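Peer 1: Input: one structure, supplied below.
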Amino acid sequence: MGEVIVITSGKGGVGKTTTTANVGTGLAKLDKKVVLVDTDIGLRNLDVVMGLENRIVYNLVDVIEGNCRIKQALIKDKRYPNLYLLPSAQTRDKTSVTPEQMQKLAEELKEEFDYILMDCPAGIEQGFKNAIAGADRALVVTTPEVSAVRDADRIIGLLEANEMKQAHLIVNRLRNDMVKRGDMMSSTDVVEILAIDLIGVVPDDENIVISTNQGEPLVGSDTLAGQAYMNICKRILGEEVPYLDLNGKQGLFSKLASLLKKN
Amino acid sequence: MNNPVIIKGNKYGIVVVLDAEMEFGELKEKISEKFRDSAKFFDNAQMAISFEGRKLTNEEQRDILNIIADETELHVVCVIEDDPKKEEVFKKALDEKLMELSNTTGQFYKGNLRSGQVLESETSIIVIGDVNPGARIVSKGNIIVLGALKGTVFAGATGNTNSFVLALDLNPVQIRIADTIARSPDKPVKDSVKETKIAFLEDGNIYIEPLSKEVLNDINI
């Protein structure tokens, strides 16, 4: 039986979709069978970030309304054979799906996949309720800004009210130089407010923009963000991975040292 | 009046509406008749009773109560007089008693209060956990937070000026005690030490002070 993970945030634009794409790809790299479900009905973009937009024929609403079988709507990733995407419908709205229907869908996907990642829409409306309906655990994404943290707090409250068993925090777009100057909250500050376990800190990295635009998740690549995402994947699988040293750019020397360590 | 005795229910018990014209002896018979009929319905309930529609002397009242005792199993706890002035006095006394009660009794809440969540309480409240920005506590008594208080709190919500707010890390967005409101500075004080602080009302101002022995001595619960 697989596990359903919902990726949520409250505030928009903090990197839910990027996180879903990268964590999903990372888990697939680690030989897990993964499906990414875009639950943001009305606005879809997980397929764009994954570079799979041109292959969409059927979508989530088609599956739920019984217009097609699940297998027909799943899009196989072009790079990893055990990674699939279930895209969202763009011409419908969030009310065309109920939480009960999502729960049923999640149960069905669980039989086939190791991990089902639900990319949740921003906000706390129907779309959020749909996305968390069948989820076993949650990844709450926030950036180190008060508005994002505040909304994340509200989301965690709602998750607790819905008896979510496990919720972990991802602090996204952290800029270590700003933290050092005292102009940005550190991940410790964020964790202190939200009081849930941290599962990863992703540094602000311009490679993310490049990878998103190219539709190629950078998880596992030789960038700080790529490594950070890979570490999150490993922690999801239960491995204990030390946190990245985000202190500035990696010098040649430290890169050499880390290469040596790997061997 | 074709129905000289009417029994009505209200929040506390029953109201007996009596005919003003009828001769008292005749009325008594009607009353016993009426209560005999409804004895089953009342069973042995406990309730307060009040009379309407007719001025009764103490003796007449006692007569009626005796009839009720004879005819039914009903326990009349007290007789309430239909007098707005007296009612006002009772209400005030009750409120004062309740306020005292809300100050001295408390309830516990375990867990973090998060943005958007509201905790309201008739009594004092002790939160074991943090109160985050955007969360709100309203209590008629005191508020004690065993954790960080960063949200909005309202102590003494019914106007009790003796209420206080206490937290291990007192850093609220807004504090209200009775009718007085205080807010946090627009620019947060940097490097402020985390220590247990108490907020209380004095001369119409809210003061926040570290919890010391002197401050503790001044609190009357």
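The numbers here are math on the coordinates, done by the rules we state, and not lab data. Just so it is clear, the structure is predicted and the values come from calculations on it, not from any experiment. Positions of Cβ are backbone-derived with ideal geometry, glycine not excepted, and every protein chain shown enters the neighbour counts.
Peer 1: State the volume of the convex hull built on the alpha-carbon positions of the range A:61-136, expressed per residue in Å³ and rounded to an integer. Walk me through the numbers before you get to the answer.
Peer 2: Values: hull volume 7.9 nm³, N = 76.
Looking at the range A:61-136, the number lands at 104 Å³ per residue.
Peer 1: Same structure again: For chain B, what does -39500 (n - 2.57) per DSSP helix run (n ≥ 4), summed and divided by total residues, give at 222 nm, in deg cm²/dmol to the nearest 500? Could the numbers behind the result be given before it?
Peer 2: Numbers: 4 runs with 60 residues, N = 221.
My calculation for chain B gives -9000 deg cm²/dmol from helical runs alone.
Peer 1: Provide the percentage of antiparallel DSSP beta bridges, counting only those with both residues in the range B:5-102; round to the nearest 5. Kindly include the intermediate steps, with their values, before the conclusion.
Peer 2: Numbers: 5 of 14 bridges.
In the range B:5-102, approximately 35 percent of DSSP beta bridges are antiparallel ones.
Peer 1: Same structure, new question: Obtain the nm distance between the two label points defined at B:His75 and B:Ala20 by a simple spin-label model: each point lies 7 Å from its Cα along the Cα-to-C-beta direction.
Peer 2: That separation, rounded to one decimal, is 3.6 nm.
Peer 1: Using the structure shown, select from B:Lys8/B:Lys34; A:Lys165/B:Lys197; A:Lys78/A:Lys129; B:Lys110/B:Lys194 the pairs with a Cα to Cα distance greater than 24 angstrom. Mind showing how you got there, number by number?
Peer 2: On the way: B:Lys8/B:Lys34 12 Å; A:Lys165/B:Lys197 34 Å; A:Lys78/A:Lys129 31 Å; B:Lys110/B:Lys194 21 Å.
Over 24 Å apart, Cα to Cα: A:Lys165/B:Lys197; A:Lys78/A:Lys129.
Peer 1: Take the alpha carbon atoms of the range B:121-158, find their center, do the same for the range B:75-118, and report the distance between the two centers in whole angstrom.
Peer 2: 19
Peer 1: Extending each Cα 7 Å along its Cβ direction at A:Gln72 and A:Val209, get the distance between those two points in nm, one decimal.
Peer 2: That separation, rounded to one decimal, is 4.2 nm.
Peer 1: Enter the mean projected area of the convex hull around the alpha-carbon atoms of the range B:107-218, in nm², rounded to one decimal.
Peer 2: On the way: hull surface 26.6 nm².
Mean orientational projected area (the range B:107-218, Cα hull): 6.7 nm².
Peer 1: Given the range B:5-102, report the % of alpha carbon pairs whose separation exceeds 22 Å.
Peer 2: Working: 1587 of 4753 pairs.
The calculated P(r) of the range B:5-102 puts 33 percent of pairs beyond 22 Å.
Peer 1: Give me the Debye-computed log₁₀ of I(q)/I(0) at q = 0.14, 0.18 Å⁻¹ for chain B, equal point scatterers on Cα only, no solvent, two decimals.
Peer 2: Normalising to I(0) and taking log10 leaves -0.81, -1.16.
Peer 1: In nm, to one decimal, how far is the modelled label at B:Asp95 from the one at B:Ile128, with both set 7 Å along Cα→Cβ?
Peer 2: Roughly 3.5 nm, to one decimal.
Peer 1: Could you tell me the center-to-center distance, by alpha carbons, between the range A:160-177 and the range A:59-137 in angstrom?
Peer 2: Each part's Cα centre sits 22 Å from the other's.
Peer 1: For B:Thr180 and B:Glu209, what does the FRET efficiency come to when R0 = 22 Å and r is the distance between their Cβ atoms, rounded to the nearest 0.05?
Peer 2: On the way: r = 16 Å, r/R0 = 0.72.
In this case the efficiency is close to 0.90.
Peer 1: So if I restrict to the alpha-carbon atoms in the range A:3-261, what is the Rg, and what is Dmax, the biggest pairwise distance, in Å?
Peer 2: Rg and Dmax of the range A:3-261, Cα atoms, are 17.8, 57 Å.
Peer 1: Report the FRET efficiency, 1/(1 + (r/R0)^6), for B:Val189 and B:Leu65, where r is their Cβ-Cβ distance and R0 is 56 Å, rounded to 0.05. Before the final figure, lay out each step's value.
Peer 2: Values: r = 67 Å, r/R0 = 1.20.
Taking R0 as 56 Å, the efficiency between B:Val189 and B:Leu65 is 0.25.
Peer 1: I'd like to know which of B:Asn160, B:Val89, A:Gly215 lies farthest towards the positive end of the charge dipole of the protein assembly as shown, counting +1 on Cβ of Lys and Arg and -1 on Cβ of Asp and Glu.
Peer 2: Going by the Cα projections, it comes out as A:Gly215.
Peer 1: Can I ask one more? Which FRET efficiency value, to the nearest 0.05, is calculated for A:Glu111 and B:Asn58 with the Förster distance at 56 angstrom and r the Cβ-Cβ distance?
Peer 2: Working: r = 81 Å, r/R0 = 1.44.
With R0 = 56 Å, the Cβ-Cβ based efficiency is 0.10.
Peer 1: State to the nearest 20 debye the size of the charge dipole of chain A about its Cα centre, where the only charges are +1 on K and R beta carbons and -1 on D and E beta carbons.
Peer 2: Values: 31 positive and 37 negative charges, 123 e Å.
So the dipole magnitude of chain A works out to roughly 600 debye.
Peer 1: Follow-up. Determine the shape class of the range B:143-198: with a ≥ b ≥ c the square roots of the Cα gyration tensor eigenvalues, call it rounded for a/c under 1.5, and otherwise prolate if a/b is greater than b/c, oblate otherwise.
Peer 2: On the way: a/c = 2.61, a/b = 1.52, b/c = 1.72.
Taking the square roots of the gyration eigenvalues as a ≥ b ≥ c, the range B:143-198 is oblate.
Peer 1: Evaluate Rg over Rh across the protein assembly as shown, taking Cα atoms for both radii and Kirkwood's formula for Rh. Provide the component values of the computation, followed by the final result.
Peer 2: Numbers: Rg = 32.9 Å, Rh = 27.6 Å.
Result: Rg/Rh = 1.19.
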